[in-house]
1. Can you tell me, using C-alpha contacts under 8 Å and at least 6 residues apart, the relative contact order of the chain as a whole percent?
2. Pick out, from 19, 52, 4, the residue whose Cα sits farthest towards the positive end of the charge dipole of the chain, with +1 on the Cβ of Lys and Arg and -1 on the Cβ of Asp and Glu.
3. Ignoring ligands, DNA and RNA, what accessible area per residue does the chain give at 1.4 Å, in Å²?
4. Just tell me the longest site-free run in the chain, where the sites are GluC sites (Glu not before Pro) in a DSSP loop having at most 11 other beta-carbon atoms within 10 Å.
5. Filter the trypsin sites (Lys or Arg not before Pro) in the stretch 1-51 down to the DSSP loop ones having no more than 15 other Cβ atoms within 10 Å, then list what survives.
6. Net charge near residue 42, counting Lys/Arg +1 and Asp/Glu -1 over other residues with Cβ under 12 Å of its Cβ?
7. If you average over every viewing direction, what projected area does the convex hull of the Cα atoms of the chain give, in nm²?
8. Rounding to the nearest 20 debye, state how big the charge dipole of the stretch 1-64 is about its Cα centre with +1 on each Lys and Arg Cβ and -1 on each Asp and Glu Cβ.
Amino acid sequence: MEKTPGQELSDLFYGLQMTVKILEGIMIEHKDGKREQSDYESRIHSQTNLLANNLKGIKPLTEKLFQEAFARFSNAKPETA
(Lines give C-alpha, C1' and ligand atoms only; values in the text may rest on other atoms or scores of the structure.)
Protein backbone atom coordinates (compact mmCIF):
# COMPACT_ATOMS: atom_id res chain seq x y z
CA MET A 1 0.00 0.00 0.00
CA GLU A 2 1.36 3.37 -1.01
CA LYS A 3 1.72 6.04 1.65
CA THR A 4 -0.29 9.22 1.46
CA PRO A 5 1.53 12.58 1.53
CA GLY A 6 0.27 13.01 5.10
CA GLN A 7 1.79 9.68 6.17
CA GLU A 8 5.04 10.50 4.40
CA LEU A 9 5.17 13.90 6.10
CA SER A 10 4.44 12.34 9.48
CA ASP A 11 7.26 9.82 8.96
CA LEU A 12 9.58 12.63 7.92
CA PHE A 13 8.83 14.63 11.07
CA TYR A 14 9.40 11.53 13.20
CA GLY A 15 12.76 11.04 11.47
CA LEU A 16 13.66 14.68 12.11
CA GLN A 17 12.78 14.31 15.77
CA MET A 18 14.95 11.20 16.12
CA THR A 19 17.87 12.86 14.30
CA VAL A 20 17.71 15.83 16.68
CA LYS A 21 17.65 13.48 19.68
CA ILE A 22 20.70 11.65 18.34
CA LEU A 23 22.52 14.96 17.84
CA GLU A 24 21.66 15.96 21.41
CA GLY A 25 23.01 12.63 22.64
CA ILE A 26 26.25 13.07 20.73
CA MET A 27 26.71 16.56 22.19
CA ILE A 28 26.05 15.30 25.73
CA GLU A 29 28.46 12.41 25.18
CA HIS A 30 31.05 14.87 23.84
CA LYS A 31 31.05 16.66 27.20
CA ASP A 32 32.15 13.39 28.82
CA GLY A 33 34.98 13.09 26.28
CA LYS A 34 34.85 9.30 26.00
CA ARG A 35 35.69 9.18 22.29
CA GLU A 36 38.18 10.68 19.88
CA GLN A 37 37.36 14.18 18.62
CA SER A 38 37.36 12.89 15.03
CA ASP A 39 34.66 10.36 15.93
CA TYR A 40 32.41 13.11 17.26
CA GLU A 41 33.04 15.23 14.18
CA SER A 42 32.21 12.32 11.89
CA ARG A 43 29.02 11.45 13.75
CA ILE A 44 27.84 15.06 13.92
CA HIS A 45 28.60 15.56 10.22
CA SER A 46 26.60 12.45 9.33
CA GLN A 47 23.59 13.46 11.44
CA THR A 48 23.56 17.08 10.25
CA ASN A 49 23.60 15.89 6.62
CA LEU A 50 20.69 13.57 7.37
CA LEU A 51 18.83 16.42 9.07
CA ALA A 52 19.43 18.77 6.14
CA ASN A 53 18.26 16.18 3.60
CA ASN A 54 15.11 15.48 5.60
CA LEU A 55 14.36 19.20 5.93
CA LYS A 56 14.48 19.50 2.13
CA GLY A 57 11.59 17.04 1.89
CA ILE A 58 9.18 18.99 4.08
CA LYS A 59 8.14 21.70 1.63
CA PRO A 60 7.34 19.44 -1.36
CA LEU A 61 5.40 16.98 0.79
CA THR A 62 3.49 19.79 2.51
CA GLU A 63 2.60 21.33 -0.85
CA LYS A 64 1.45 17.94 -2.16
CA LEU A 65 -0.68 17.40 0.96
CA PHE A 66 -2.27 20.85 0.60
CA GLN A 67 -2.97 20.30 -3.10
CA GLU A 68 -4.71 17.00 -2.39
CA ALA A 69 -6.73 18.51 0.44
CA PHE A 70 -7.84 21.48 -1.66
CA ALA A 71 -8.66 19.21 -4.60
CA ARG A 72 -10.86 16.99 -2.44
CA PHE A 73 -12.52 19.39 -0.09
CA SER A 74 -12.62 22.83 -1.65
CA ASN A 75 -13.28 24.75 -4.80
CA ALA A 76 -10.57 27.21 -3.78
CA LYS A 77 -7.03 26.94 -5.04
CA PRO A 78 -4.13 26.88 -2.59
CA GLU A 79 -1.90 29.93 -2.52
CA THR A 80 1.63 29.34 -3.76
CA ALA A 81 4.64 30.87 -2.10
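The values are calculated or read from the model by the stated rules, or taken from the named source; none is laboratory data. Because the structure is a prediction, the values reported are computed rather than measured. Here the Cβ positions follow ideal geometry from the backbone for every residue, glycine too, while neighbour counts run over all protein chains shown. The protein model used for the area step is the full one, side chains on, heavy atoms only, and it has no ligands, DNA or RNA in it. Shrake-Rupley method; radii C 1.70, N 1.55, O 1.52, S 1.80 Å.
1. On the way: 36 pairs, mean separation 33.9, N = 81.
Relative CO of the chain lands at 42 percent.
2. Of the options given, the answer is 4.
3. Numbers: 6540 Å² over 81 residues.
Computed with neighbouring chains in place, this is 81 Å² per residue.
4. Numbers: sites that count: 2, 36, 79.
Result, exposed sites excluded: 37-78.
5. On the way: sites: 3, 21, 31, 34, 35, 43; in loops: 3, 34, 35.
Within the stretch 1-51, the qualifying trypsin sites (Lys or Arg not before Pro) (loop, at most 15 other Cβ atoms within 10 Å) are 3, 34, 35.
6. Combined, the nearby Lys, Arg, Asp and Glu give -1.
7. On the way: hull surface 29.0 nm².
That works out to 7.3 nm².
8. Details: 9 positive and 10 negative charges, 23 e Å.
Here the size comes out at about 100 debye.
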